[in-house]
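Q: I'd like to ask some things about the structure below.
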Amino acid sequence: MTEPMSREQVLAGIKGEIAEQEAAARQEADPVKRERMLRHARSRRDYAEEEADAVAADIAENEQSALSLRVPTSLAAALKARAAAEQIPTSALVRRILTQAVQRPDAPVLTVEQVEEIARRVYRESV
């Protein structure tokens with residue numbers, strides 16, 4: 001059995017992801033998209049320490065593994081909106097969805113379009 005990741009390992013991983021985001025942004029030809037990507041990376045850099053603390057604490061407390069993945073921006077926004085509507089952390093929502101998908105592989109899974117529609121509905125209701 002492997003040891004859980006330390007805060008420093010988590011932070012190093014987050015910083016690596018941020019560096020990848022910044023490198024991808026620098027290669028982006030569209031200046032508007034490039035600036036948005038850089039702004040996102042800067043924002044993430046501002047909260048990297050807090051994110052590392054939270055992830056490391058969660059790993060230590062729950063003996064869980066950290067999983068980092070990239071999803072379309074629209075899906076991330078939809079997940080955040082749904083989590084906010086349910087008043088739970090986004091990570092808890094994603095864990096629940098993944099757990100249900102693995103435990104019940106025959107159960108229908110939301111499509112990207114369905115998640116986006118949920119996000120639009122949540123946005124309309126919050127305005």
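The values are calculated or read from the model by the stated rules, or taken from the named source; none is laboratory data. Note that the structure is predicted; figures quoted are calculated from it, not measured. Glycine also receives a Cβ, built like all others from the backbone with ideal geometry; neighbour counts cover every protein chain displayed. Please note that ligands, DNA and RNA were not included when accessible areas were found on the heavy atoms of the full protein model with its side chains. Shrake-Rupley method; radii C 1.70, N 1.55, O 1.52, S 1.80 Å.
Q: For region 78-110, which positions are open to solvent by 100 Å² or more (accessible area, probe 1.4 Å) and more than 16 Å from SER126 (Cβ to Cβ)?
A: Filtering region 78-110 for residues open to solvent by 100 Å² or more (accessible area, probe 1.4 Å) gives 80, 87, 102-104, 106, 108.
Residues satisfying the conditions are VAL102, GLN103, ARG104, ASP106, PRO108.
Q: Exactly one condition in (1) farther than 19 Å from THR111 by Cα; (2) in a helix (DSSP H, G or I); (3) among the hydrophobic types (A, V, I, L, M, F, W, C); (4) within 13 Å of the chain's Cα centre (by Cα) is not met by ILE59; state its number.
A: Looking at each condition in turn, ILE59 falls short on (4).
Q: Being open to solvent by 50 Å² or more (accessible area, probe 1.4 Å) and not β-branched (Val, Ile, Thr) is the filter here; which residues of region 2-14 pass it?
A: As a first pass, look at region 2-14 and keep what is open to solvent by 50 Å² or more (accessible area, probe 1.4 Å): 2-5, 7-9, 12.
The answer is GLU3, PRO4, MET5, ARG7, GLU8, GLN9, ALA12.
Q: Can you tell me which of GLU22, GLU17, GLU50 is surrounded by 11 or more Cβ atoms within 10 Å (Cβ to Cβ), assigned to a helix (DSSP H, G or I) and without any contact (Cβ under 8 Å) to a residue 40 or more places away in the chain?
A: That would be GLU22, the only listed residue that is surrounded by 11 or more Cβ atoms within 10 Å (Cβ to Cβ), assigned to a helix (DSSP H, G or I) and without any contact (Cβ under 8 Å) to a residue 40 or more places away in the chain.
Q: While we're looking at this one, here's another question. Looking only at region 17-31, count how many residues are of a type in the set (A, V, I, L, M, F, W, C) and more than 20 Å from VAL71 (Cα to Cα).
A: Narrowing region 17-31 to residues of a type in the set (A, V, I, L, M, F, W, C): 18-19, 23-25, 29.
Keeping just the survivors that are more than 20 Å from VAL71 (Cα to Cα) gives 29.
Counting residues in region 17-31 that are of a type in the set (A, V, I, L, M, F, W, C) and more than 20 Å from VAL71 (Cα to Cα) gives 1.
Q: Next question. Could you please find all residues in region 25-47 being more than 19 Å from ALA76 (Cα to Cα), aliphatic (A, V, I, L, M) and outside any loop (DSSP other than H, G, I, E, B)?
A: Scanning region 25-47 gives a single hit, VAL32.
Q: Would you call LEU69 within 25 Å of MET5 (Cα to Cα), open to solvent by 50 Å² or more (accessible area, probe 1.4 Å), of a type outside the set (Gly, Ala, Ser) and not in a helix (DSSP H, G or I)?
A: The answer is yes for LEU69.
Q: Sticking with this structure for a sec: Say we look at region 32-56 and pick out the residues that are of a type in the set (A, V, I, L, M, F, W, C), touching a helix residue (DSSP H, G or I) at 6+ places or on another chain (Cβ under 8 Å) and farther than 10 Å from ILE18 by Cβ; which of these is modelled with the lowest pLDDT? Working first, answer last.
A: Our first condition is that a residue be of a type in the set (A, V, I, L, M, F, W, C); within region 32-56, this holds for 32, 37-38, 41, 48, 52, 54-56.
Imposing the further condition that a residue be touching a helix residue (DSSP H, G or I) at 6+ places or on another chain (Cβ under 8 Å) reduces the set to 37-38, 41, 48, 52, 55-56.
Then keep just the ones that are farther than 10 Å from ILE18 by Cβ; that gives 37-38, 52, 55-56.
On the way: MET37: 91, LEU38: 92, ALA52: 83, VAL55: 81, ALA56: 77.
Filtering region 32-56 for residues that are of a type in the set (A, V, I, L, M, F, W, C), touching a helix residue (DSSP H, G or I) at 6+ places or on another chain (Cβ under 8 Å) and farther than 10 Å from ILE18 by Cβ, the one modelled with the lowest pLDDT comes out as ALA56.
Conditions tested, residue by residue: (1) at pLDDT below 85; (2) part of a helix (DSSP H, G or I); (3) among the acidic types (Asp, Glu).
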residue: SER74; (1), (2), (3): no, yes, no
residue: ALA78; (1), (2), (3): no, yes, no
residue: ALA83; (1), (2), (3): no, yes, no
residue: ALA92; (1), (2), (3): yes, yes, no
residue: ARG95; (1), (2), (3): yes, yes, no
residue: ALA101; (1), (2), (3): yes, yes, no
residue: PRO105; (1), (2), (3): yes, no, no
residue: PRO108; (1), (2), (3): yes, no, no
